[in-house]
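What follows is one structure encoded as structure tokens, with my remarks underneath.
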Amino acid sequence: MTSPAAPRGRARTSVWRAVIVSLLTLLTVFALGATPAAAAEGDPYRIAGLVQLNGDPLEGVSLVIDGSGGEQSVVTGSDGRWEAWVPDNDSEYTVTLDESTLPDGIGVVDEDTEIAEGEQPNVRDVTVGAAGFAVVNFFIGDVERNTVSFADQLIQRIFQGLNFGLMLALAAIGLSLVYGTTRLSNFAHAEMVTFGAVVAVGVSSALASIAVSPAMTVLGLLIAIGLAGGLGYALDMALWRPLRRRGVGIVQLMIVSIGLSLAMRFTFQFFIGGSTLQLPTLVSTAKVPIFGAVALSPMEIVSMSIALVVIVAFALWLTYSRIGKATRAISDNPALASATGIDVDRVVRIIWVVAGALAGLGGILYAYYRPGVRFDMGMHILLLMFAAVTLGGLGTAYGALIGSLIIGVIVEVVSLWIPADLRFVPALLLLIVILLVRPQGLLGRRERIG
């Protein structure tokens, strides 16, 4: 005789199987549907032009197109023509002709185009029009070359590296704090960086429908930073805290963070697609001479100033505030900190909020640095964030700052010798060398390893 419990057990099993199959089907449909058409069809807009030497086409000249969608290089053909495909028609692009690829003794001359003082004739700014294409021609002739010394180029790159390093530090410090208090290597931290930039675009667009002004833009960016902090709080309350209380191991938590990273990344892609979005312009993008050959745009100066102020304020908070001292105590010994009366869960929750806010601010500054906002922008600097944290010392916020500055300067300076596509390689090689000599990192302690 069949027991009444058996059919019920089989029914429950059937229901769970149906639920699992439905979830897998939905995930598959979502993954396939989230892929943008642009990824298969290519970028829809075109910038093209002609390079001529005294009226004759010039072959083999390199040009760099920078702007929305990143940097790309092209070379002129036998007819002197070149073209590049770009994702947006409402963004400004910079076309730079590499004069080192020209024959000796000649340079760009264009008497029909007025060149402002301080600008270079081999650099042109262009915006793709409503027709979907733009034309940039370069005419070459005999000129007297004005070259920039290697020392000036080096100083300029160092300043750019410091700018990039400070932006990277904002994100890396949050990543280091989370590791120090929970021992979690959070791979979804890259998407928290992206979240700040994506939300900034959405909030700024919504506020622009009310009034277009710098004040409204700043308000939108502040709201985005606050929402990024809220994301950190929500993730800890809904995901990480329950998993910690269940005693889930560090390896399992890391795998969960990888899955969360993929889910968040494709969610961003579902909402904004594969195109590159732009944040509202706050200040002029024209270069301002600082000293010698060093020139920075007002946005770069503002970005570096904001990063410095935030990092100094955070350092003071971490050093002198009650929560900051509790954070350092938990990083050193969580069990001992709990035994002394520190509410570890509360401190960890605050750290997630701080890490989310810093990541959101880092994402916004990175969107101005690139420039542009993409669904996968955080992923491109995730490895550099981990490199900065590891180089400076696992779990140490000050180590993350030092590591980020070193990584940022190296990434920019090595571009003087190697192609831009390979500029991350020397920074990662330096990381390996330092870890071979000092496994705990520059400011880490041996007992933190393992």
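The values are calculated or read from the model by the stated rules, or taken from the named source; none is laboratory data. In this text, all values refer to a predicted model and were calculated from it rather than measured experimentally. In this analysis, Cβ positions are derived from the backbone assuming ideal geometry, glycine residues included, and neighbour counts consider all displayed protein chains.
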* Asked: Out of all the residues in the range 287-314, which are touching a Gly at 6+ places or on another chain (Cβ under 9 Å) and among the small types (Gly, Ala, Ser)?
  -> Ala295, Ala307
* To do: Counting only residues that are under 21 Å from Pro419 (Cβ atoms) and modelled with pLDDT of 75 or more, give me the strands (runs of 3 or more DSSP E) lying completely in the range 48-157 with at least 3 of them.
  => 62-66, 72-75, 81-86, 92-97
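Restricting to the range 160-180, and then to whatever is of a type in the set (S, T, N, Q) and modelled with pLDDT of 90 or more, can you tell me which residue is nearest to Leu361 (Cα to Cα)?
To start, the set of residues in the range 160-180 that are of a type in the set (S, T, N, Q) comprises 160, 163, 176.
Right, trim to modelled with pLDDT of 90 or more and you get 163, 176.
Details: Asn163: 14, Ser176: 16 Å.
Per the criteria, the residue is Asn163.
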* To do: Specify the residue that is surrounded by the fewest Cβ atoms within 10 Å (Cβ to Cβ); the eligible residues are those in the range 272-306 that are without any contact (Cβ under 8 Å) to a residue 40 or more places away in the chain and in a helix (DSSP H, G or I).
  => Ser305
* Asked: Do any helices (runs of 4 or more DSSP H) lying entirely in the range 317-396 carry at least 3 residues that are modelled with pLDDT of 90 or more and under 26 Å from Leu430 (Cα atoms), and which ones are they?
  -> 344-369, 379-392
